[in-house]
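Below is one structure, written out as structure tokens; comments come after it.
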Amino acid sequence: MTGTTSTHQPKVGIVSLGCPKALVDSERIVTRLRAEGYAIAPDYKGADLVLVNTCGFLDSARDESLDAIGEAITENGRVIVTGCLGAEPDVIRERHPKVLAITGPHQYEQVMSAVHEHVAPPPDKFLDLVPESGLRLTPRHYAYLKISEGCHNKCSFCIIPKLRGDLVSRPIDHVLREAEQLVNAGVQEIMVISQDTSAYGLDVKYAPRTWKGEEYETRFLDLCRGLGELEAWVRLHYVYPYPHVDKVLPLMAEGAVLPYLDIPFQHAHPEVLKRMRRPGQGGDKMLERILKWRADVPDLTIRSTFIVGFPGETEEQFETLLDWMRAAKIDRAGCFKYEDVEHADSRALDGHVPEEVKEERWHRFMEVQAEISAERGQAQLGKIVDVIVDEVDEDRDVAIGRTKADAPEIDGKVELADGGELEPGMIVEARVVAADHYDLWAEPA
Ligand code: SF4
């Protein structure tokens, strides 16, 4: 099929599934599309074609991706698939033979040529100008900053390295330049993302680069140092607890980066961690380090994700995890029941846990987490906190925002009374007056 020729500005619809990392890929594609003069269609009906950026990590995410492709085909008919699931074209073709083209994760060039093939770009590509910082799918006041692609680890339950390849770090001066452009464009909060943020630069042997006349090594600590110079909140996601992470805590204590660490621990029992092939974690030592971090940075928030019912996980090992959670007081935690992902090495492990046991462990985990969260919420009462405003409800005269302890989309919210006149992106001081397990209510301080 060849490109449609028309005089109207061609419109591409985007469906972005999966994690924040996939969202960054979608933003890059949208930036490229807009730079070439395509418009972004707000719905299926107005689009000349629809791009579905898929996730292929868990089976549930694969199903969601396949359903989204099906919906786009029904609603629009002309669909190009990209993203993690795109690395398995046979799976997609089998269910959806009508898709126009399939490309893998971050294959921006291939995505663009597939779009060109099916909807020709307009002759005047300056129809819409692209701002210097690119286009973002997130609200204007926060943005995701992707520092690398791929992953050098071999966690047994994960197929991301197979899908996305080995670690490739972006040069640190490029990352810092992008961050500065985002801040100049009005971004107040930057979320650093990758598959393994603290491994940043390992692949390039921490190559030194120059940024603003100073030498920065392509490594996690220097990245935090550089980002800490910007006038924005800097939030660190997907940090593996390698020993050098301890060096970033002083930057949190002095306010250069947010006192927030998103560390996907997945488990706490050494045997389970070994079978998971998790990098950078030792059970008891990890707990000691967390307690030390908390002593040095008292307002530190730790977010994490865990897997229960991993093959071979015994009741005793699961209880170790619960005890560890209570001792470490993990502030925010997501919990997944182990899923046997196709092509993952963990499928071949012995001792698969029955579904009903996984379910029961999941509920017990969530109960412990709810206790920790409730205690945490009560401890916030009366405190003065900084709140970044995400939305304003003028009718109710409230603003909805987040504290430094809350990342957008995954953590809690704050409802701020008398906030009807505020604007998204503003950072204001507020006093916490009520709390439930996850959210806070506050009034102007
Ligand atoms: S660190 Fe482990 S879980 Fe994360 S992407 Fe790499 S291999 Fe997968």
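Here the stretch 41-103 exposes an accessible surface that is 51 percent carbon and sulfur, computed with a 1.4 Å probe and the other protein chains kept in place.
Expressed as cubic angstrom per residue, what is the convex hull volume of the alpha carbon set of the stretch 65-114? Walk me through the numbers on the way to the answer.
Working: hull volume 3.1 nm³, N = 50.
So the per-residue hull volume is 62 Å³.
Listed here are the pairs K98/K337; K205/K413; K98/K358; K358/K413; K11/K98; which of them are more than 31 Å apart at the Cα? Show your work: numbers first, answer last.
Numbers: K98/K337 33 Å; K205/K413 40 Å; K98/K358 37 Å; K358/K413 29 Å; K11/K98 20 Å.
The pairs that break the limit, which is 31 Å between Cα atoms, are K98/K337; K205/K413; K98/K358.
Ranked by the mean number of other Cβ atoms within 10 Å of their residues, highest first, the peptides 343-355, 402-414 come out as 402-414, 343-355. Estimated translational diffusion coefficient (Stokes-Einstein, Kirkwood radius over Cα pairs, 10 °C, 1.306 mPa s) of the chain: 68 µm² per second. In summary, the convex hull built on the alpha carbon positions of the stretch 155-200 has an orientation-averaged projected area of 4.2 nm².
Using only Cα coordinates, the Kirkwood hydrodynamic radius of the stretch 1-116 works out to 13.9 Å.
Amide H to amide H distances under 5 Å link T305 with F265, Q266, G334, where only residues 5 or more positions off or on other chains count and H is placed in the peptide plane. Taking Lys and Arg as +1 and Asp and Glu as -1, the other residues whose beta-carbon sits under 12 Å from that of S60 total -4. Which values of log₁₀ I(q)/I(0), to two decimal places, follow from the Debye formula for the stretch 207-326 at q = 0.09, 0.19, 0.20 Å⁻¹ with a uniform point scatterer at every Cα? Evaluating at q = 0.09, 0.19, 0.20 Å⁻¹ gives log10 I(q)/I(0) of -0.30, -1.02, -1.09. Computing Rg and the Kirkwood Rh from the Cα coordinates of the stretch 267-324 gives a ratio, Rg/Rh, of 1.00.
Treating only the Cβ atoms of Lys and Arg (+1) and Asp and Glu (-1) as charged, compute the dipole magnitude of the stretch 85-240 about its Cα centre; round to the nearest 20 debye. Please report the intermediate quantities before stating the final value.
Details: 18 positive and 22 negative charges, 85 e Å.
So the dipole magnitude of the stretch 85-240 works out to roughly 400 debye.
Averaged over its residues, the chain has an accessible area of 44 Å² per residue, based on protein heavy atoms and a 1.4 Å probe.
Give a quick list of chymotrypsin sites (Phe, Trp or Tyr not before Pro) in the stretch 141-180 that DSSP marks as loop, anything other than H, G, I, E or B, with at most 15 other Cβ atoms within 10 Å. Could you put the intermediate results ahead of the total?
Working: sites: Y142, Y144, F157; in loops: F157.
Hits after loop and neighbour filter: nothing returned.
Secondary-structure-derived ellipticity at 222 nm for the chain, considering helices only, amounts to -10000 deg cm²/dmol, per-run term -39500 (n - 2.57) for DSSP H runs with n ≥ 4.
Proximity of backbone amide H atoms, modeled 1.01 Å from N, is registered between I40 and V12 at under 5 Å, excluding neighbours fewer than 5 places apart on the same chain.
Using the Kirkwood radius over C-alpha pairs as Rh, can you work out the diffusion coefficient of the stretch 360-445 via Stokes-Einstein at 25 °C, viscosity 0.890 mPa s, in µm² per second?
On the way: Rh = 13.2 Å.
The Stokes-Einstein estimate is 186 µm²/s.
Efficiency by 1/(1 + (r/R0)^6): what FRET value for E117 and E394, r their Cβ-Cβ distance, R0 = 35 Å, to the nearest 0.05? Show your work: numbers first, answer last.
Details: r = 46 Å, r/R0 = 1.31.
Working from the Cβ atoms, E equals 0.15.
Shown for the stretch 263-410: the carbon plus sulfur share of the solvent-accessible area, taken with all protein chains present and a 1.4 angstrom probe, equals 51%.
The values are calculated or read from the model by the stated rules, or taken from the named source; none is laboratory data. None of these values were measured; they are calculated from a predicted model. Please note: Cβ atoms are built from the backbone with ideal geometry, for glycine as well, and neighbour counts cover all protein chains shown. Note: areas computed on protein heavy atoms with side chains; ligands, DNA, RNA excluded. Shrake-Rupley method; radii C 1.70, N 1.55, O 1.52, S 1.80 Å.
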